[in-house]
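The values are calculated or read from the model by the stated rules, or taken from the named source; none is laboratory data. None of the values given here were measured: they were computed from a predicted structure. Reconstructed Cβ throughout: ideal geometry from the backbone, glycine too, with neighbour counts over all protein chains shown. The area values use the complete protein model at the heavy-atom level, side chains included, leaving out ligands, DNA and RNA. Shrake-Rupley method; radii C 1.70, N 1.55, O 1.52, S 1.80 Å.
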Amino acid sequence: MAKIYLLNNLKFDDVVNIELFSIEYIKTQIDMSSYDAIVFTSKNAVYSINSNNNDWKKIPSYAIAPKTAEAIKNTNGNLVFTGITSHGNEYANELIPLLKDKKVLYVKALKTVSNLTKILKENKIDVDELVAYKTSCKNSNHLLEKDSIIIFSSPSSVECFFKNYKWDNSFKAVVIGKTTALYLPENINYTISSKTSIEECIKLAKQLLV
């Protein structure tokens with residue numbers, strides 16, 4: 001029987017979890033006093049910096065999407081902007097007028113495919129990067145049902161899925177955003193969620209499963 005598979009540990013009704021990667025926070029020593037703005041593109045970056053630094057909360061924070069914004073609010077950060085498009089390169093372009101003449105810190109994962117830093121620098125934004133967390137793949141022996149839908153919620157979920165599984169042509173792929181879609185092999189057709197949220201991905205997957 002066809003199923004919906006979500007490749008992380010978040011629980012939802014009628015969805016099967018396959019936890020394929022773990023997240024490790026990287027301890028950082030950084031002087032926040034020289035920055036006027038902090039840019040986040042994931043909630044894991046927020047939780048990571050919050051685990052070993054309190055000074056970031058004083059600095060205006062810019063979030064790519066509502067879930068990242070929620071993480072900033074939950075940790076008592078200073079949220080001043082939430083992205084409208086919720087996609088990497090478009091988010092960078094939204095930030096350009098807001099970050100003019102500011103010293104910016106982009107808190108990120110060890111591996112990303114976003115052009116955010118490049119776009120900001122090309123538009124004369126003074127931005128530094130801080131690597132705050134990394135992901136590691138886990139092994140899985142979970143058997144996947146034919147005609148199922150696989151939800152890819154991050155580049156790491158794509159990388160770790162294909163380390164464990166071969167793609168079956170009966171599968172359908174639902175992807176949380178354009179950046180994640182870039183990681184998929186070229187021969188795989190996919191549908192991108194209209195919003196960068198797991199809930200929207202699941203809603204789309206349930207429509208495709210009918």
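Looking at (1) at pLDDT below 95; (2) open to solvent by 30 Å² or more (accessible area, probe 1.4 Å); (3) within 17 Å of the chain's Cα centre (by Cα), which is the only condition ASN141 fails?
(3)
Is at least one residue of segment 16-25 of a type in the set (S, T, N, Q), open to solvent by less than 10 Å² (accessible area, probe 1.4 Å) and touching a residue at least 24 places away in the same chain (Cβ under 8 Å)?
Taking every residue of segment 16-25 in turn, none turns out to be of a type in the set (S, T, N, Q), open to solvent by less than 10 Å² (accessible area, probe 1.4 Å) and touching a residue at least 24 places away in the same chain (Cβ under 8 Å).
Counting residues that are in contact with a strand residue (DSSP E or B) (Cβ under 6 Å, 6 or more places away or on another chain) and under 23 Å from VAL15 (Cα atoms), which strands (runs of 3 or more DSSP E) fully inside segment 63-172 reach at least 1?
It comes to 126-137, 149-152.
Cβ-Cβ below 6 Å, separation at least six or inter-chain, first residue in segment 164-175 and in contact (Cβ under 8 Å) with a residue 60 or more places away in the chain, second assigned to a loop (DSSP other than H, G, I, E, B): which pairs?
Close Cβ pairs (under 6 Å, with a partner that is assigned to a loop (DSSP other than H, G, I, E, B)) amount to ASN164/SER140.
Would you check which residues across segment 77-109 are touching an Asp or Glu at 6+ places or on another chain (Cβ under 8 Å), under 27 Å from VAL175 (Cα atoms) and open to solvent by 60 Å² or more (accessible area, probe 1.4 Å) and list them?
ILE84 - this is the single residue of segment 77-109 that is touching an Asp or Glu at 6+ places or on another chain (Cβ under 8 Å), under 27 Å from VAL175 (Cα atoms) and open to solvent by 60 Å² or more (accessible area, probe 1.4 Å).
Here is a list: LEU204, LEU184. Which entry is of a type in the set (A, V, I, L, M, F, W, C), open to solvent by 20 Å² or more (accessible area, probe 1.4 Å), touching a residue at least 24 places away in the same chain (Cβ under 8 Å) and at negative phi?
Selected residue: LEU204, the only one of LEU204, LEU184 that is of a type in the set (A, V, I, L, M, F, W, C), open to solvent by 20 Å² or more (accessible area, probe 1.4 Å), touching a residue at least 24 places away in the same chain (Cβ under 8 Å) and at negative phi.
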